[in-house]
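Novice: Pasting a structure below so you can have a look.
Every number in this text was worked out from the coordinates using simple rules, so none of it is lab data. The structure displayed is predicted, hence computed values, not measured ones. Don't worry about glycine lacking a Cβ; one is built from the backbone with ideal geometry, like all the others, and counts go over all protein chains shown.
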Amino acid sequence: MADAALLERLRASIAELEADATPHVRREDGDPLPEDGGRQSPRYASRGQDRAGAEASGAGQPKGAKDVAGALKRITSWVNASERSRSSLRERLVREGFAEGVTEDALERACSYGLVDDARYADVLIRSRIAQGKGSAGIERELWQNEIDPSTVDGWPHEYGIDGESELDRALQFLDRKPPRAKDRRGSAYRKLVQKGYPSSVASTAARMWAERNPS
């Protein structure tokens, strides 16, 4: 989740964008308003209608400014609920109808404020998946799905306590907590671990050891 200072900075940026997007209607030089402000003049009434139509259509506004503000509002709402990766936010904004250019502009702004940070997201993701008992292969797949290269994540995997021995222990603990019920206990244990994201070598060893300890 984003902290209060980051959210305040982003809200200020949104307000600036919305201010820039507000059209300023002015009369043309040499075309003074009548004393009644044009309220009774068909000529000025018609011109006012034309201008109102232009405002509604977005004419005269900085191109994309309003859409970027809207995209930033959506980003703020989502990251205030939970950490999000840049790629997942991009996908969601496009799905909601924001243009590619608007989406990238909004994401650049959000990243520059520190509201969106893939390194921070990766750290949160890894820690939460380890706590859920997920294996390293599954964690890395999920990082790739979010367009994050696991090799670029600081400290992965060793500083997160992930190595061959520790992962084998975690796999066995997982099977103890949620033992397979199928008749082929070893095969079932192996499939269960692979589905949980453990590397096949770890899953194979853990399934064999667990089946030997729990023959029936």
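Novice: Suppose the chain between M209 and E165 were pulled fully straight at 0.36 nm per residue; how much longer would it get relative to their current alpha carbon spacing?
Specialist: 14.5 nm
Novice: Follow-up question, since we're still on this one. Work out the FRET efficiency for Q195 and E96 from their Cβ-Cβ distance, taking R0 = 30 Å, and round it to the nearest 0.05. Could you put the intermediate results ahead of the total?
Specialist: On the way: r = 32 Å, r/R0 = 1.06.
E(calc), rounded to 0.05, equals 0.40.
Novice: Okay, next question. Please compute the length gained on full extension between R141 and R120, using 0.36 nm multiplied by the number of residues separating them and subtracting their Cα-Cα distance. If you can, show how the numbers build up before the last one.
Specialist: On the way: separation 21, 0.36 × 21 = 7.56 nm, distance 1.73 nm.
Once the chain is fully extended between R141 and R120, it gains 5.8 nm.
Novice: Rank these for me by crowding, W78, W210, W144, going from fewest to most other beta carbons within 10 Å. Don't skip to the answer; put the middle values down first.
Specialist: Details: W78 17, W210 22, W144 11.
Fewest-to-most Cβ neighbours within 10 Å comes out as W144, W78, W210.
Novice: Between S112 and Q132, what is the label-to-label distance in nm when each label sits 7 Å out along the Cα-to-Cβ direction?
Specialist: 3.4
Novice: Can I ask one more? So which trypsin sites (Lys or Arg not before Pro) in the range 128-198 are both in a DSSP loop and have at most 16 other Cβ atoms within 10 Å of their Cβ?
Specialist: Details: sites: R129, K134, R141, R170, R177, R181, K183, R185, R186, R191, K192, K196; in loops: K134, R181, K183, K196.
Listed in order of number, the matching sites are R181, K183.
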